[in-house]
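Here the structure is laid out as structure tokens; the discussion comes afterwards.
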Amino acid sequence: MPRIVHADRGPHTGPDVLARCVTIARTLRAAGGLVVWVTVERPGGEPQPAGSELAPECDPRPGDLRVVKHTWGAFHQTGLDDSLRGKGIDTVVLGGIATNFGVESTARVADEHGYRVVSVSDAMTGVHAHAHDFAVGYVLPALGPVVTTEEVLTAL
């Protein structure tokens, strides 16, 4: 399992966040939605940082989209916006590690591009609990609904 999943985080554990994200992905896929898996590579041809690969539990399937980001967010120079628009997608449901970096950055840019942003509070975790709580309590609600995994699964 990638190092990022086991890093000391808060308020949710990496394995719990991973399990929730995988459950959401399977349910979304079964409902006909697009699942997007995001990894990171830093510019300059450096090797992918240890721990940035997908965990085996993610189990990407044909039809899922793989995005390799080079910055905090998943939109900048990744083709994600074009891919989503090409499929007529207008809503993004976000989870991952870390709330106050990649998730929040992706949410902000998704909003700037006109997507409806739904943040799943218990399917993400921050570098520290207070950072997660700030993002979930103040930043992400300004961009769209903040819901739980159970609420997403019920809606799907």
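Within region 94-109, the set of residues being modelled with pLDDT under 95 and among the β-branched types (Val, Ile, Thr) comprises ILE97, THR99.
Here THR27, THR91, THR23, THR71 are screened, and the one residue that is modelled with pLDDT of 95 or more, in contact with a Ser or Thr (Cβ under 8 Å, 6 or more places away or on another chain) and of a type in the set (Ser, Thr, Tyr) is THR23.
Can you work out which of the residues in region 5-20 that are in a helix (DSSP H, G or I) and touching a helix residue (DSSP H, G or I) at 6+ places or on another chain (Cβ under 7 Å) is modelled with the highest pLDDT?
Ranking the qualifying residues of region 5-20, first place goes to ARG20.
Just one of (1) within 18 Å of THR39 (Cβ to Cβ); (2) surrounded by fewer than 18 Cβ atoms within 10 Å (Cβ to Cβ); (3) polar (S, T, N, Q) fails for THR99. It is (2).
Which one is modelled with the lowest pLDDT, of the residues in region 110-133 that are buried (at least 20 other Cβ atoms within 10 Å of the Cβ) and β-branched (Val, Ile, Thr)? Steps first, please.
So the first thing to find is which residues in region 110-133 are buried (at least 20 other Cβ atoms within 10 Å of the Cβ), and the list is 110, 115, 117-121, 123-126, 132.
Next, from what is left, pick out any that are β-branched (Val, Ile, Thr): 117-118, 120, 125.
Numbers: VAL117: 98, VAL118: 98, VAL120: 98, THR125: 93.
Checked region 110-133; the qualifying residue modelled with the lowest pLDDT is THR125.
Look at ASP82 and say whether it is modelled with pLDDT of 95 or more and either of a type in the set (Ser, Thr, Tyr) or over 17 Å from the mean Cα position of the chain (by Cα) (or both). Answer is yes for this residue. Of all the listed residues (THR106, THR125, THR91, THR78), the sole one being among the β-branched types (Val, Ile, Thr) and touching a Pro at 6+ places or on another chain (Cβ under 9 Å) is THR125.
Any residue at all in region 76-85 that's closer than 21 Å to PRO11 by Cβ and either among the acidic types (Asp, Glu) or surrounded by 16 or more Cβ atoms within 10 Å (Cβ to Cβ) (or both)?
Going through region 76-85, the residues closer than 21 Å to PRO11 by Cβ turn out to be none.
No, every residue in region 76-85 fails to be closer than 21 Å to PRO11 by Cβ and either among the acidic types (Asp, Glu) or surrounded by 16 or more Cβ atoms within 10 Å (Cβ to Cβ) (or both).
Only residues that are buried (at least 18 other Cβ atoms within 10 Å of the Cβ) and farther than 20 Å from PRO11 by Cα were counted in region 87-96, giving 1.
The values are calculated or read from the model by the stated rules, or taken from the named source; none is laboratory data. Predicted model only: the values in this text are computed from it and were never measured. So basically every Cβ, Gly included, is an ideal-geometry build from the backbone, and we count neighbours across all protein chains shown.
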